[in-house]
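Shown next, in structure tokens, is the structure this report addresses.
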Amino acid sequence: MQVNTNNLVSITEANQNFSRVARLVDENGAVVILKNNTPKYVLIEFSQFQSEELAATEEVEAIGRRILAKHHHAFEELAK
């Protein structure tokens, strides 16, 4: 994920002016919240979170299929 410096917000500012932070997310897709000048949290739209979660699940399934295909014979022997 690339971070636009305009999307960096201190945790104090996020706490005091959450509606502004939410608008930044609406405009730019994500905001990085800093704690002690260090990136600590990322605020994203829920729809983006859902698509990221789906992608991660698909990756795990693809890895599982690849392992099963590679070791198919061994799994067949174990199933006996």
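Just the number please: accessible area per residue for the chain, 1.4 Å probe, all protein chains included, in Å².
82
Out of all Cα-Cα pairs in the chain, roughly what percent, to the nearest whole number, are more than 21 Å apart?
Details: 1567 of 3160 pairs.
Above the 21 Å cut-off, the chain has 50 percent of its Cα pairs.
For the chain, which whole percent of the accessible surface, found with a 1.4 angstrom probe, sits on carbon and sulfur atoms?
Carbon with sulfur: 54 percent of the solvent-accessible area.
Only bridges with both residues in the chain count here: give the DSSP antiparallel percent, nearest 5.
65
The values are calculated or read from the model by the stated rules, or taken from the named source; none is laboratory data. Quick caveat, the model's predicted, so the values are computed rather than measured. Please note that ligands, DNA and RNA were not included when accessible areas were found on the heavy atoms of the full protein model with its side chains. Shrake-Rupley method; radii C 1.70, N 1.55, O 1.52, S 1.80 Å.
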